[in-house]
Amino acid sequence: VQLQASGGGLVEAGGSLRLSCVSSGSIFSPNTRGWYRQVPGKQRELVATITSGGNTNYADSVKGRFTISRDNVKNTVYLQMNTLKPEDTAVYYCNERDFYGMDYWGKGTQVTVSS
């Protein structure tokens, strides 16, 4: 499985960005897709996940501001990020976890929120 993320960039506080991640496709479905983020010196943390059936889970810090969605036909997961804050600045990684619990990671995309 190969994951290709895009959509990161520089935005002012209060602005919005949408991240996309295309998957080459897991042969072991159903699967869970998600977004994680990491800042230097800290552990990678969960941002949001979505199951094949559409069940979502969010970190408390992004609830009400971020929305995760997926298009199973396009094998793509999205992260709509609104009302961005400087503390959202991080490298964002997309993830796919297959039916057997195997994790796949894409290369990160940088999100920088200026104050």
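The values are calculated or read from the model by the stated rules, or taken from the named source; none is laboratory data. Treat the numbers as computed from the prediction; the structure is a model and nothing was measured. Cβ atoms come from the backbone with ideal geometry, glycine included; neighbour counts cover every protein chain shown. Quick note on the areas: whole protein, heavy atoms, side chains included, nothing else; ligands and nucleic acids left out. Shrake-Rupley method; radii C 1.70, N 1.55, O 1.52, S 1.80 Å.
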How large is the Kirkwood hydrodynamic radius of segment 1-69, in angstrom, based on all distinct alpha carbon pairs?
13.7
Could you please state how large a percent of the accessible area of the chain is carbon and sulfur, counting protein chains only and using a 1.4 Å probe?
48
If you roll a 1.4 Å probe over the heavy atoms of the protein chains, what accessible area per residue do you get for segment 68-110, in Å²?
53
Label-point gap, in nm, between LYS42 and SER69 - each point 7 angstrom along Cα→Cβ
2.8
Per residue convex hull volume, Cα atoms of segment 57-115, in Å³:
104
Show me the chymotrypsin sites (Phe, Trp or Tyr not before Pro) within segment 21-71 that DSSP assigns to loop and that have at most 14 other Cβ atoms within 10 Å of their Cβ.
PHE28
At 4 °C in a medium of viscosity 1.567 mPa s, the chain has a Stokes-Einstein diffusion coefficient, with Rh taken as the Kirkwood radius over alpha carbon pairs, in µm² per second, of 92
VAL113 accessible area, 1.4 Å probe, all protein chains in place, Å² to nearest 10:
10
Roughly speaking, what is the stretch gain from ALA13 to ASP103, that is 0.36 nm per residue apart minus the C-alpha to C-alpha distance, in nm to one decimal?
29.2 nm
State the antiparallel share, in %, of DSSP beta bridges confined to the chain, rounding to the nearest 5.
90
